[in-house]
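The values are calculated or read from the model by the stated rules, or taken from the named source; none is laboratory data. Values in this document were obtained by computation on a predicted structure and should not be read as measured data. Here the Cβ positions follow ideal geometry from the backbone for every residue, glycine too, while neighbour counts run over all protein chains shown. Note: accessible area is taken over every heavy atom of the protein model, side chains too, but ligands, DNA and RNA are not part of it. Shrake-Rupley method; radii C 1.70, N 1.55, O 1.52, S 1.80 Å.
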Amino acid sequence: MNERECFETLVKIFELIWKDDDLMEQDTLFTLQDLVSDALLRASNKEWGAELVEKFPWAFEKVE
């Protein structure tokens, strides 16, 4: 992920955080979760990826 892609992802995340004010709709939440998980994976190296799997086994799985 280059700097511009990282910036654009953060902008999308920020938009979603504020989209529905105090009540986030389920599709907004799912989109936000997808964007954050994708950004985390793309920004991770092998060690950090393993850390993500360990901390969030319901969201990530180790692929060999």
Inset, instruction - With a/c under 1.5 counting as rounded, go ahead and sort the chain into rounded, prolate or oblate using the C-alpha gyration tensor (a ≥ b ≥ c being the square roots of the eigenvalues; past the cut-off, prolate if a/b is larger than b/c, else oblate). - result: oblate
Inset, instruction - With label points built 7 Å along Cα→Cβ from the Cα atoms of Asp21 and Arg42, find their separation and express it in nm. - result: 3.2 nm
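Note down the magnitude of the dipole of the chain about its Cα centre, charges +1 on Lys and Arg C-beta and -1 on Asp and Glu C-beta and zero elsewhere, to the nearest 20 debye.
260 debye
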Legend entry - Local electrostatic count, Glu25, Cβ distance below 14 Å [Lys/Arg +1, Asp/Glu -1]: -4
Legend entry - Per-residue [θ]222 nm for the chain (sum of -39500 (n - 2.57) over DSSP H runs n ≥ 4, rounded to 500): -23000 deg cm²/dmol
Inset, instruction - Would you mind getting me the FRET efficiency between Arg4 and Lys62? Use the beta-carbon distance for r and R0 = 25 Å, nearest 0.05. - result: 0.25
Inset, instruction - Grab the other residues whose beta carbon is less than 15 angstrom from that of Ala50, score K and R as +1, D and E as -1, and report the net. - result: -2
Legend entry - Inter-probe distance in nm under a simple model that places probes 7 Å from Cα toward Cβ, at Lys12 and Phe30: 1.6 nm
Inset, instruction - List the residues whose amide H sits under 5 Å from the amide H of Met24, counting only those 5 or more places along or on another chain, with H placed 1.01 Å from N in the peptide plane. - result: none
Legend entry - Per-residue HN-Hα couplings for the stretch 6-21 [Karplus 6.51, -1.76, 1.60; θ = phi - 60°; Hz; x = Gly/Pro]: 4, 4, 5, 5, 5, 5, 4, 4, 4, 4, 5, 4, 9, 3, 10, 6
Inset, instruction - Just read off the accessible area of Trp48 with the full protein assembly in place, 1.4 Å probe, to the nearest 10 Å². - result: 130 Å²
